[in-house]
Amino acid sequence: MDFMLIQSYLDKIPTLEELLFLPEIDAFSNKFSKLALENKINQLLDERHLLITTSKSEDDLKKLDFSMNFYIKKLNEMFVEERELGSKKIFNLMGTIYSKYLGDKFYSKKLLDEFSEHFTSYNTLNYDLKTSKGVDIKEEISNFFKTYNKEKDYIILSSVSSALYTILKVLYPNKNLICSVKESYTFSNSSDIVSVLQESGINFKMVGSINNISSYDYEKVASEDSVILDSDFFGNKLEGMASLSLAETEDLRKKYNNVFLSDKVYLDTGHEQISKFAYKLADLSKENTLLVLDLSKTEDFPEGAVIVGNKEDIKAIKDSVYTKLFALSKEAEVLYYLNLKNKISPEKEESYLSKVLAKDEELVRKSNERVINLLENQLEGLVELGLMEGPYLKVEEGVSYADSFNRELIVLKPLNKDASLIEKELRLCEPGILCLLNEGTLIFNLQLINEEDEKILVEKLVEVIK
């Protein structure tokens, strides 16, 4: 089409300011914020502009509605559609706390409210309104951590792999590193320790075997400037894999530089089960070793790596180019700050994992009894119901049974319908129900749902199976 003709239709498109002046459109900003409204208007104007410039004939353009009512109606539809595509309630009965079906992380409502408040106002924690002074949020985070051990210093980088790489390049560029076979297993985001070692260019030696390791294996290849790397992650502990005793580990730490990596660390909890498998930060930081800790598994922190060490080592890392290269995102930094502030406040919040484990084995058994009784009454002749014991409560998918908790589970075998079809229907229903599918049976772990949700679960099962 003729350029002037196209321009005449483009001139009919209102501006952002003209649309915002309309009371009907301005009202959207009270519900969805002005920023969200402006983004939607710009999106709508861009779509209209593209439609006109790519049109093949004037007849198509004549059919277009250029009234202001068109834009009011369209914006309303865009916001309604967005709300309908929002979050969906899920019953996670797989026994996995972090699942690819649910997303990587859960946060408390209080933390999310505070996070939203700081990111929707002018105050992003860089200014203290009470004292009228600037705030260095990184220093504030470090000071919060000193509550657990004031003799150490702290810095957070974006991931365990980036933290390890930084330590090797800054503190131990010419050292010989020694690690065991265990360190060759994947530990995060399909990354593994050996790959990081290779990328850093450091000389390293692997010692021992899967079923045999001793401090002597380290001693016979170590020299005065050697660095011993040790790790303990969810997922890198195979059944029967040999490991050093605590006494052997402590003895090596006294003789050589040492780096310890772990995601089994908690800040402070009275929960017995967590203390049985994880390390308390205040105790772990007393060791003569450099720590690289991912607190996202046992505490409500975003993914990242807290490096804990003496002041000289941490200063060297802070002064290096890698600090900016592997810095946390602003969002993750604020979540760390808010979470730490909550953890040391008098009204401490439990971590999500602590709340999950608060439903102990006895409570899970009572839940199973209630649900089975209800199902037996309504699905007689349609399913076989039973119970089984299994290590199915996992912190994340793919971890070994050595890092799982034993729980009583409900096993349901459909008699007249394919189990895989039932599993699919359960996932798609409202609320969505996630369970394990195994050789024609459905397995349910009631660890992660409340008693008031049990009747909803039964109603959905009956609805899908009958």
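Taken together, the values in this text are just the output of simple stated rules run on the coordinates, not laboratory data. Source: prediction; values computed, not measured. Here the Cβ positions follow ideal geometry from the backbone for every residue, glycine too, while neighbour counts run over all protein chains shown.
Things to note:
- Here the extension length gained between Glu384 and Ser214 equals 56.2 nm, from 0.36 nm per residue of separation less the Cα-Cα distance.
- The residue among Pro391, Leu244, Met94 whose Cα reaches farthest toward the positive pole of the charge dipole of the chain, with charges on the beta-carbon of Lys, Arg, Asp and Glu, is Leu244.
- Each Lys and Arg contributes +1 and each Asp and Glu -1, all at the Cβ; summed about the Cα centre of the chain, the dipole is approximately 660 debye.
- Taking each of Lys264/Lys455; Lys169/Lys297; Lys311/Lys348; Lys276/Lys341 in turn, the alpha-carbon distance tops 32 angstrom for Lys264/Lys455.
- Calculated FRET value between Ile13 and Ser329, using beta carbons and R₀ = 35 Å, to 0.05: 0.45
- The largest-to-smallest principal axis extents of the Cα set in the stretch 3-83 are 39, 23, 18 Å.
- Net lengthening on full extension, Glu349/Ile137 (0.36 nm per residue, minus Cα-Cα): 74.2 nm
- Ratio of Rg to Rh over the stretch 137-281 (Cα coordinates, Kirkwood Rh, two decimals): 0.96
- Under a 5 Å amide H cut-off, with hydrogens placed 1.01 Å from N, Thr96 pairs with Lys394 among residues at least 5 apart or on other chains.
- Over the stretch 232-290: Kirkwood hydrodynamic radius from C-alpha pairwise inverse distances, Å: 12.9 Å
- Residues of the stretch 2-28 with an amide N closer than 17 Å to a point placed 7 Å from the Cα of Leu51 along the Cα-to-Cβ direction: 6-16, 19.
- Between 0 and 90°, nearest 10: helix 160-170 axis offset from the chain longest Cα axis: 60 degrees
- Extension gain for Lys146-Ser223 works out to 24.4 nm (0.36 nm per residue, less the C-alpha to C-alpha distance).
- Using θ = phi - 60° and Karplus 6.51 cos²θ - 1.76 cosθ + 1.60, couplings along the stretch 54-70 (whole Hz; Gly, Pro as x): 9, 5, 8, 9, 5, 4, 5, 6, 5, 7, 6, 8, 10, 6, 5, 4, 4
- Counting only aspartates and glutamates at least 8 places from Lys110 when in the same chain, those with an alpha carbon closer than 18 Å to its own are Glu299, Asp300, Glu331, Glu333, Glu347, Glu349, Glu350.
- Taking the charge dipole of the chain about its Cα centre, with +1 at Lys and Arg Cβ atoms and -1 at Asp and Glu Cβ atoms, the residue from Leu434, Asn212, Leu164 reaching farthest to the positive side is Leu164.
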